[in-house]
C-alpha cells in the first residue's frame, strides 16, 4: 500500500508488550485531559481502562489509536509511535470507536469486505461474520440491524484486517443484558485467538468478566492498577460477616460485632475461618439460630466508586491506599 | 494493493451505496429535467440574444440545466453527503484504517463526476428528444468535454471545501444551498441574463465560477466561440477549493 520509505520511523523492539505508555499528558486549552499516565499491556492480554465519563479514557485511547497528538510522554504501540502517522501500524490495529456509523445501504458482508480490502492480510469475511455471530444477517443492510447487531458489526469491521491489537471503546454501552453477554463472548473469542485487547468501559462486571488486568483512571490519572481480584487491595480487604440473631439475644462479646437498625449484626475479621468458627460454635453451644448468614467482600464496584470518588464509601473497612493492589 | 487500485475499488462501493438509496438518486436525476420542463413551459419557445447571437430558448435551457445538473451532482451532493459522513463518524473510522483518507475522498469525487456526466447525457438526450435542442458535436464536443471534466472536478473540490465551515450535518443542506442558489440565479442558469444586466450582476458572473462554467457548456451546445478563459477561471476556483479543503477539512464529527 505505502512504501517502506514513506513510513519512516523504525519500530522499537518491544516483544513482550503490545502497548507501553510512560508519562502521557494531553491538555485541551487549559483543561488537562490526561495528566501523566503510565501503563503497559502485555501481548495477548485483555486490559481494561475503567473510569467515569470525562476521566480521560477516550483521550488516552485516541492518542494510542493515532487520532490525537500527545503533549508529552512516551507511547509505543506494537513498537511504533502512533504520533507519527504510518500505515504499517494501521495494518496491525483494529479500532472500535465509541460512536461511529457505516454506510447504511451496504450489507454486513459488503461492509466487512470493503474494510478487509484495505489490509494486507485480511481474515476471511465469512470467518469474521461467524466470530461476531452475524451469520444470519450476512446479507442484511446495515440500516436494518438492531443496535446490538450494529455494534457487533463495528467489532467485525475492526477484525476484518486480522489485527494484532484491538481497541474497544465502551463496546457495550446502551446494550440490553443479553446483547452484552453476546458481545462479551465475542471478546472472549478474541482473547482465545491470542489478540491483545484494550477495552474501556464503565461497567464493572464487564471488566471483571473480560479483563486480565484493570487500570482505573480518574481526573486524567491512573489511580489504581491490578487484576480485577486484587485491584485497590480488594484481596486484602477484610471480609465482613453479617447475620441476624433472634430478638433479645446479643452476639458474643469477643467478636466485637455492631448491630444495625434492621437488626443485622456484623463484624470484620482478619481470620475468617476463626471468626466463623467462633460465631457458629457459640450459636451451637447456646442453641441460637443464626439467620441470613453471609460473608461480604468489597466488590470491584465498591473499590471503583471509592477510587474515583464517585460515591460515599459503603464500607469503612476498605483500604484507602489507592496503589495497594497496583504494580505502579 | 496500491492506493490507486484501492481508490477505484472504493468507487464501486460508493456507487453501490448510491443506488441503494433510490429516493436520493431519483430526485438528483429528476431535478434538472423537471426544471427544464418548467422553465421552457414558463418562458415559451422563443429566442434569447446573447453576445449578439440568437439562441433558441430550449437549447439555452438544455445547456443551462446541464450545468445545473453538474453543479448539483458535484458541489451540492458531495458537500452534503460528506458532511453527513463526517458527523456520523464514517470518515473517522476510515481514518483509523490503512486506507489513506484522500483515497476515500477521491473515490467519492470520481463517483460524483461520473454521476455528473451521466446527468448531462440524460439532460441532453431529453432536450434533444422533446425540445429539438442542439447538441455538442465535432470540435465543440471536445471543448464541451474538457469544460465538463474540469468543471465537475472543480465543483467537487469546492464541495469538499464548503464542508469546512459547516458546523453540523443538519445545517449542511441549508448552507450548501445558500451558497449556490443565489449564484445560479445571478449567473443566468435559471433566467437568461441579457447583455444589459446591471453591472454588479455581470461583475459577479465574471468573478465566480458558475457563469464561466455555464457559458463554457453552452458554447458546446450552440457552437459559439470557445473561451479558454472560462476553463481557466473554473480551474482556479477548483484549485482554491482543494487548498481550502486540504487545510481545513475535518475528518471528525464537529459536536
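The calculated FRET efficiency for the pair residue A:285 and residue A:140, based on their C-beta separation and a Förster distance of 60 Å, comes to about 0.30. Against the main long axis of the alpha-carbon atoms of chain B, helix B:77-87 sits at an angle near 20°. Residues A:144, A:88 in ascending order of nearby Cβ atoms (within 10 Å, fewest first): A:144, A:88. Other protein chain C-beta atoms within 10 Å of residue C-beta, averaged over A:116-122: 4. The C-alpha atoms of chain B define a longest principal axis, and helix B:22-43 lies at about 20 degrees to it. Exposure proxy ranking for A:235, A:302, A:285, based on other Cβ atoms within 10 angstrom of each Cβ and starting from the fewest, stands as A:285, A:235, A:302.
Note on residue B:206 and residue B:11: the extension gain reaches 66.8 nm, defined as 0.36 nm multiplied by sequence separation minus the Cα-Cα distance.
If R0 is taken as 30 Å, the Cβ-Cβ distance between residue A:189 and residue A:71 corresponds to a FRET efficiency of 0.25. Counting neighbouring beta carbons within 10 Å and listing from fewest to most, the residues A:45, A:62 come out as A:45, A:62. Comparing A:229, A:237, A:261 in a Gaussian network model of chain A (Cα springs below 10 Å), the most mobile by mean-square fluctuation is A:261. For the peptides B:105-113, A:129-137, residues were scored by their other Cβ atoms within 10 Å and the scores averaged per peptide; the highest-first order is B:105-113, A:129-137. Summary of packing: across the peptides A:188-197, A:212-221, the per-residue average of other C-beta atoms within 10 Å ranks them, highest first, as A:212-221, A:188-197.
Counting DSSP beta bridges in chain A, what percent are antiparallel, to the nearest 5? Of the beta bridges lying entirely in chain A, close to 65 percent run antiparallel.
Calculated [222 nm] ellipticity per residue, helices only, for chain B: -25000 deg cm²/dmol; basis is -39500 (n - 2.57) per DSSP H run with n ≥ 4, divided by all residues, nearest 500. Label-to-label distance, residue A:32 versus residue B:243, with points set 7 angstrom from Cα along the beta-carbon direction: 4.2 nm. Look at the stretch B:87-95: the mean tally of other chain Cβ atoms within 10 Å of its residues' Cβ atoms is 5.
Across A:274, A:238, A:138, mean-square fluctuation computed from a Gaussian network of chain A (C-alpha pairs under 10 Å connected) peaks at A:274.
Note on chain A: GNM, Cα springs under 10 Å; of A:281, A:53, A:91, the largest mean-square fluctuation is that of A:281.
Inter-chain neighbour count for B:20-33: the average number of beta-carbon atoms from partner chains within 10 Å of each residue's beta-carbon is 1. Beta bridges assigned by DSSP with both partners in the protein assembly as shown are antiparallel in approximately 65 percent of cases.
Each part reduced to its alpha carbon centroid, region B:156-174 and region A:71-100 end up 29 Å apart.
Just check region A:240-296 against the gyration tensor rule for me: Cα atoms, a ≥ b ≥ c as the square roots of the eigenvalues, rounded for a/c under 1.5, and otherwise prolate or oblate depending on whether a/b exceeds b/c. Since a/c reaches 1.5 but b/c is at least a/b, the shape of region A:240-296 is classed as oblate. Centre-to-centre separation between the Cα atoms of region A:249-314 and those of region B:19-41: 76 Å.
Taking the C-alpha atoms only, the angle from helix A:272-286 to the longest principal axis of chain A is near 30 degrees. From the Cα gyration tensor of region B:97-194, with a ≥ b ≥ c the square roots of its eigenvalues, which class applies: rounded if a/c is under 1.5, or else prolate if a/b is larger than b/c, or else oblate? Here region B:97-194 falls in the oblate category.
Would region A:40-91 count as rounded, prolate or oblate if I go by the C-alpha gyration tensor, calling it rounded below 1.5 in a/c and otherwise prolate when a/b exceeds b/c, oblate otherwise?
Oblate is the answer for region A:40-91, as a/c is 1.5 or above yet b/c matches or exceeds a/b.
For region B:59-103 and region A:184-219, what is the separation of their C-alpha centers, rounded to whole Å? What the calculation gives is 39 Å, centre to centre.
Extending 7 Å from Cα along the Cβ direction at residue B:25 and again at residue B:43 yields two label points whose distance is 3.2 nm.
Any read-out appearing in this document is the output of simple, stated calculations on the displayed coordinates, not a laboratory observation. Here the structure is a predicted model, which is why all the values come from computation and not from measurement. Cβ atoms come from the backbone with ideal geometry, glycine included; neighbour counts cover every protein chain shown.
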